[in-house]
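**Q** The structure follows.
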Amino acid sequence: MMEPIKRIKGTDDILPPESATWQYVADTIRRVMSLYNYREIITPIFEYTELFARSIGASTDIVSKEMYTFLDMGERSLTLRPEGTASVVRAYVEHSLSVKFPIAKLYYIGPMFRQEKPQKGRKRQFNQFGIEILGTDSPYADVEGIILNLRVLKELGITDTHLMINSIGDPNCRQGYRRALKEYLQPRLEKLCSDCQLRYHNNPLRVFDCKKQSCQAQLEDAPVMSDYLCDDCRKHFDKVLHILDKLDIEFSINERLVRGLDYYTKTVYEITSTALGSQNSLSGGGRYDILVEELGGKPTPAFGFAAGIERIIMAMEQSEGYETPKPQLDYFIALTNDEILTTAMEFAERLRDKGNSVNIDFRGKSLKSQMKQADKLGAKRVVIIGDDEFSKGVYLLRDMETGEQTEIPLSIIPNTDK
RNA sequence: GUGGGUGUAGCUCAGUUGGUUAGAGCACUAGGUUGUGGCCCUGGGGGCCGUGGGUUCGAGUCCCAUCACCCACCCCA
């Protein structure tokens, strides 16, 4: 026996019937996107490594240790995308989309790759969907993104969500805050864990993300970003909060919410669910007003979010009233003799011409076994063509719900309407 | 990278202080109904008990190693 080859660690095969859930989620996402008139953008799943280093930030965990990076035959460094925004912005700049779309409202959906140790809610290949609104700095854009995000979750039946929001300012006012935070932390450096001591140097804001009690204790009286926001950032944040209030959106301000990607400015937010375990973030995003410029485009303010589809499905499965999708089939064709197969195939094609889903078992099994099959496949009706019927030029149409059976000439295709 | 947990049939899991041919439910399959699904009944097929080594008269069970998966830290969606 040959040794079977197994799937790569951290990847998943999505099998029927679970794949139907996945399709349902994708359909719902696309439907909601169209409600807000967002249009799909499909970019390659690999890019030059440089793109991610420049956008996400070379010192971030994602770029410094989680990317699948390799050299192609021309010795160019390529990377499987770890997130979606960088590619969208790259395409936006590359195709000068700002000309055609003064405000570009785009969405994407597809697989992302990060080489992390897998655990609940964290795979090495996982799927995200997300949006990008490019070309406006309006706080209304932030809110539209957030409510679109919430609507997708709501329409999927996920209710136990929590929206947290914060502003991390622009590069200028954040600089002032960084300085103040470092001043505050410096005398306490000894009491922080080794990870946080590193963060102190690389990105002191991330100390807030530390889950260690001892580190959190040191942060109790730490300065908060909101005291350091410049007028423009302050106004923007207040406006976002105000609109959310007006729209009756529940949220909480989390002064310590910091994102792990370097490109964010002003608004950042995260939606969590208690159904998930340790990796409880369903989606997150924010404003990134300097990224387009950093990727070689004209200065263009923008907002976006990304959401994890596997995590969304986990949350769905745990929400009340969730049922696994049942198999659907309009017709099953059962026959008692291989000689009838050709006729049955023709008949099936004519049913399909009318838009019916049709299945035939080619194995020559007993009628009983075929009926069982039909039942298991969720067939609404079964067309039975036995030897007797075949010689008479008729078939039996059986309604699987009621058990009623009628004899009909083979020349007549059943009506599709119920 | 660091912890902890789990590996027995396709799936979910039993398996007594080590003791004959390793079990159940679901799924699959054949029949009960010689041409008809769901419910019920009866039979059948399926296991290098993760892998390698050790202890023992004897190992699914004890010991060591190894691999895989899961969960947590870390990080993020």
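**Q** Please indicate, with yes or no, whether at least one residue in segment A:309-317 is surrounded by 15 or more Cβ atoms within 10 Å (Cβ to Cβ), under 13 Å from the mean Cα position of the chain (by Cα), modelled with pLDDT of 95 or more and closer than 30 Å to A:Val99 by Cβ.
**A** Looking for residues that are surrounded by 15 or more Cβ atoms within 10 Å (Cβ to Cβ), under 13 Å from the mean Cα position of the chain (by Cα), modelled with pLDDT of 95 or more and closer than 30 Å to A:Val99 by Cβ, one finds none in segment A:309-317, hence no.
**Q** Considering only segment A:135-145, I want to know if a residue exists there that is within 16 Å of RNA strand B (Cβ to nearest atom), β-branched (Val, Ile, Thr) and surrounded by 18 or more Cβ atoms within 10 Å (Cβ to Cβ).
**A** No - not one qualifying residue is present in segment A:135-145.
**Q** As an exercise: evaluate A:Ser391 against (1) closer than 26 Å to A:Pro17 by Cβ; (2) part of a helix (DSSP H, G or I); (3) free of Cβ contacts under 8 Å to residues at least 24 places away in the same chain and give the number of the one condition it does not meet.
**A** Here A:Ser391 meets the rest and fails (1).
**Q** Using the structure shown, decide if A:Glu132 is in contact (Cβ under 8 Å) with a residue 60 or more places away in the chain, in contact with a Ser or Thr (Cβ under 7 Å, 6 or more places away or on another chain) and more than 16 Å from RNA strand B (Cβ to nearest atom).
**A** Answer is no for this residue.
**Q** Quick check on this structure: which one of A:Asp221, A:Asp232 is surrounded by fewer than 16 Cβ atoms within 10 Å (Cβ to Cβ) and part of a loop (DSSP other than H, G, I, E, B)?
**A** A:Asp221
**Q** Being open to solvent by 20 Å² or more (accessible area, probe 1.4 Å) and either over 26 Å from A:Ile290 (Cα atoms) or not in a helix (DSSP H, G or I) (or both) is the filter here; which residues of segment A:174-192 pass it?
**A** A:Glu183, A:Tyr184, A:Gln186, A:Pro187, A:Arg188, A:Leu189, A:Glu190, A:Lys191
**Q** Counting only residues that are open to solvent by 50 Å² or more (accessible area, probe 1.4 Å) and not aliphatic (A, V, I, L, M), which one in segment A:251-276 is nearest to the chain's Cα centre (by Cα)?
**A** Filtering segment A:251-276 for residues that are open to solvent by 50 Å² or more (accessible area, probe 1.4 Å) and not aliphatic (A, V, I, L, M), the one nearest to the chain's Cα centre (by Cα) comes out as A:Thr274.
A quick yes/no check of all residues on (1) more than 17 Å from the chain's Cα centre (by Cα); (2) open to solvent by less than 20 Å² (accessible area, probe 1.4 Å); (3) modelled with pLDDT of 95 or more:
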residue: A:Met1; (1), (2), (3): yes, no, no
residue: A:Arg7; (1), (2), (3): yes, no, no
residue: A:Ile29; (1), (2), (3): no, yes, yes
residue: A:Ser34; (1), (2), (3): no, no, yes
residue: A:Arg39; (1), (2), (3): no, no, yes
residue: A:Val63; (1), (2), (3): yes, no, no
residue: A:Thr69; (1), (2), (3): yes, no, yes
residue: A:Leu97; (1), (2), (3): yes, no, yes
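**Q** Now for a different question. Mind checking which residues of segment A:235-250 are surrounded by fewer than 21 Cβ atoms within 10 Å (Cβ to Cβ) and not acidic (Asp, Glu)?
**A** Once the filter is applied, which keeps residues that are surrounded by fewer than 21 Cβ atoms within 10 Å (Cβ to Cβ) and not acidic (Asp, Glu), segment A:235-250 yields A:Lys235, A:Lys239, A:Leu241, A:His242, A:Ile243, A:Leu244, A:Lys246, A:Leu247, A:Ile249.
**Q** Give segment A:364-389 a look and list any residue that's near RNA strand B (Cβ under 6 Å from one of its atoms) and among the β-branched types (Val, Ile, Thr), or say none.
**A** A:Ile384 - this is the single residue of segment A:364-389 that is near RNA strand B (Cβ under 6 Å from one of its atoms) and among the β-branched types (Val, Ile, Thr).
**Q** Let me ask you something else. Test A:Thr343 against the criterion of being more than 13 Å from RNA strand B (Cβ to nearest atom), outside the structural domain of A:Gly277 (by TED's automatic domain parsing) and closer than 30 Å to A:Asn149 by Cα, and give yes or no.
**A** Here the answer is no, as A:Thr343 does not meet what is asked.
**Q** Just to verify a result, which residue in segment A:299-323, among those that are in a loop (DSSP other than H, G, I, E, B) and touching a helix residue (DSSP H, G or I) at 6+ places or on another chain (Cβ under 7 Å), is nearest to RNA strand B (Cβ to nearest atom)?
**A** A:Tyr322
**Q** Kindly indicate the residue of segment A:348-363 that is open to solvent by 70 Å² or more (accessible area, probe 1.4 Å) and more than 9 Å from RNA strand B (Cβ to nearest atom) and also nearest to A:Thr336 (Cα to Cα) among those meeting that condition.
**A** A:Phe362
The values are calculated or read from the model by the stated rules, or taken from the named source; none is laboratory data. Model, not experiment: these values are computed from the prediction. Every residue, glycine as well, gets a Cβ built from its backbone with ideal geometry; the counts of neighbours run over all protein chains shown. Areas reflect the complete protein model, heavy atoms only, side chains present, ligands, DNA and RNA absent. Shrake-Rupley method; radii C 1.70, N 1.55, O 1.52, S 1.80 Å.
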